Each structure stands twice: as C-alpha cells, then as structure tokens.
C-alpha cells in the first residue's frame, strides 16, 4: 500500500458486531475490545447489534467496562437476518457521524493491536473497503474427540493458506481474487451514503451478503484493499468441528454463490457439466491425500463435497438457510 496523506486526519470510527444467543462468546469479544490499543487521532465507539426479539445482551453490554476508555453502545435489531443487522449497524454509524465502520463477528477476539494496524493500513492506502486475516483460536474443549482435533488442525491450515494467498495479492491494485467479508472488515461509511451500497436483505439467512457487498463495491469501480497484520481469532465451538457441519457450510456457500452467478448470467448454469465432474475428481484426490497431509485436507474434503451438492441444489432452485440456526454459546 502507498502512503495517502489525505487520510492523516481525525477519524471517527464505529467498531460493530452482531450477536444472537451467544453470551459467552460475546463477553470474550467485549473483553478483547477493552484491551485494544486505540489508534492515534481517532474517536472510537464500539457497538453491539443484537439480532433477536428481546434485549438479552443489553445488561452485559451496559455493565461492561472498557479499560482503554472506548465508548460502548447497544441496540436491538428485531428483524431477524444478518443483512438486516449489518445495515442497522451502518445506519447507527452514519447517524453518529462516523467516517469508518468496522465489523468483527461475535465468536471472535481481536488482537490488542488489531484496530491500530487496521486503521494504519487504511491511512496508507486509497482503498475504501479493507479486509484483514482471520485465524483460528485454540480448542475450547480439552476433551475434544480425535475427529474434532483433526478438523481443528485442518481448519487452522486452511485459514493460514487463505491468509498467505491474500497477503501475496495485498499490494496489487484492487487486491484481485480476495473477498473481503465481515469477520474482519473496515469500510468508509460513504459506501452507504454516497454509493448506495447496502447488504442485500433478500439474503436473510443464506449467508454471503458480505461477499456480495464486496463484489458490488468492485463492480462500482471502488478500490478494495487488504491489511496483512491486523488479526482476529475465531473461537470454533465443537458443533462446527464435525465433518457434517463443514459439508453443509460448503454446500450452502456454494449454493448462494452459484445462485448469484446464475442471476447475472443464466447460461453459467451449464458450467456444472464440467465443474462438477472436475470437483468430484478433486474430492477423490483429497481423500487419497489425507494420509500424506496428516489430515490437513480433511476440511477440504468436506467443503468440496458440499460444493458439489450446493451447485446441484442451486440448479434445482433451492436456497441456503445457513444462518437460520445459531452455533456456539
């Protein structure tokens, strides 16, 4: 990234998370927010958007003390669905006069220097939408089964591969081939107010509205960037460490992505005649490679098999409901 003197000014930032029925994870995130180094020449407000029918987390948020002095606010968004809650966070940030909006997930913890590095990266760049790496946290269950430990190691390896790929492309104009999603996300609020970009509320439970937002930003000619050293760490609960869960996640992500592609180019549906057989061959190769990789490709087997089913289900007109159920606590 090149230096951008125009951004060396006072910035007002909202750091937001969405939450629903995960009090333990939310509390861990709030504690990590309280340990953050505050970027210089910035006004910071942290925001919890509870996406539920009742204010289950209000007391936790309002009694939380932030040792670093950051402000902390709470709002309830009763319209269920991740894009509704993301858009509520954006409206709150805009109403508060924020220049920048950051998102992290409620099952994550941020590194102490996360925001400082993320904002420093923004100030060095000309990007208006910026992503950064997600890493996996330690196992939460010391008595985890061997299959869960295997999946945890495999997920960690997968995240590191994605991080390395993004880092290689970080200095290329527009950061091509990297999708910025809201597990570690920073954007100018002007994307909403000036360019009319919002999270697609028709994707209530499908997942993928953040990936679509990134694609829409690129389609509008807006610069996307990547900061290589602003880390967040995801807590993966035991129910997400099963082969079946990872298969379903791969299926639903594939389904959502392919439905978007078909909507733009209906003829792309015929690509499955080539892509599905090739992916089936890949699944077999990944299975055979498991002993050689010591299980590092375990999650890739699950996701790739799910990818095939997701493509076929999209052809049948079915839609994902990936986020209709909550995992974690």
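Restrict the check to the stretch 51-66 and report whether at least one residue is within 18 Å of the chain's Cα centre (by Cα) and either without any contact (Cβ under 8 Å) to a residue 24 or more places away in the chain or in the same structural domain as residue 236 (by TED's automatic domain parsing) (or both).
Here is the first cut: in the stretch 51-66, the residues within 18 Å of the chain's Cα centre (by Cα) are 51.
Filter once more, so that each one left must be either without any contact (Cβ under 8 Å) to a residue 24 or more places away in the chain or in the same structural domain as residue 236 (by TED's automatic domain parsing) (or both): 51.
Yes, the conditions are met somewhere in the stretch 51-66.
Just to be sure before I move on: is residue 230 assigned by TED's automatic domain parsing to the domain that holds residue 207 and either at pLDDT 95 or above or part of a helix (DSSP H, G or I) (or both) in the structure I sent?
Working: assigned by TED's automatic domain parsing to the domain that holds residue 207: yes; either at pLDDT 95 or above or part of a helix (DSSP H, G or I) (or both): yes.
Answer is yes for this residue.
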State whether one or more residues within the stretch 6-28 are assigned to a helix (DSSP H, G or I) and without any contact (Cβ under 8 Å) to a residue 60 or more places away in the chain.
yes
Looking at residue 123, is it surrounded by fewer than 22 Cβ atoms within 10 Å (Cβ to Cβ) and either under 13 Å from residue 189 (Cα atoms) or touching a helix residue (DSSP H, G or I) at 6+ places or on another chain (Cβ under 7 Å) (or both)?
yes
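Check 227, 272, 276 and return the single one that is touching a residue at least 24 places away in the same chain (Cβ under 8 Å), touching a helix residue (DSSP H, G or I) at 6+ places or on another chain (Cβ under 8 Å) and surrounded by 18 or more Cβ atoms within 10 Å (Cβ to Cβ).
Details: 272 fails: surrounded by 18 or more Cβ atoms within 10 Å (Cβ to Cβ); 276 fails: surrounded by 18 or more Cβ atoms within 10 Å (Cβ to Cβ).
Exactly one residue qualifies, and that residue is 227.
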Hits in the stretch 67-77 - residues which are buried (at least 17 other Cβ atoms within 10 Å of the Cβ) and either outside any strand (DSSP E or B) or in contact (Cβ under 8 Å) with a residue 60 or more places away in the chain (or both)
70, 77
A careful count of residues in the stretch 163-202 that are part of a helix (DSSP H, G or I), in contact (Cβ under 8 Å) with a residue 24 or more places away in the chain and closer than 19 Å to residue 230 by Cα gives 4
Which residues, counting only those in the stretch 203-221, are assigned to a loop (DSSP other than H, G, I, E, B) and surrounded by fewer than 17 Cβ atoms within 10 Å (Cβ to Cβ)?
205, 220, 221
Determine if the stretch 256-263 includes at least one residue that is over 28 Å from residue 132 (Cβ atoms), in a helix (DSSP H, G or I), without any contact (Cβ under 8 Å) to a residue 12 or more places away in the chain and outside the structural domain of residue 130 (by TED's automatic domain parsing).
yes
Of the residues in the stretch 237-253, those that are at pLDDT 95 or above and not in a helix (DSSP H, G or I) number 1
State which residue pairs qualify: first residue farther than 24 Å from residue 237 by Cα and inside the stretch 87-110, second residue part of a loop (DSSP other than H, G, I, E, B) and at pLDDT 95 or above in any location, beta carbons under 6 Å apart, and separation of 6 or more residues or different chains.
87/198; 87/199; 88/77; 93/189; 94/189; 98/189; 101/189
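The values are calculated or read from the model by the stated rules, or taken from the named source; none is laboratory data. A quick note: this is a predicted structure, and the numbers were derived from the prediction, not measured. Neighbour counts are summed over all protein chains in view; Cβ atoms, including those assigned to glycine, are modelled from backbone coordinates with ideal geometry.
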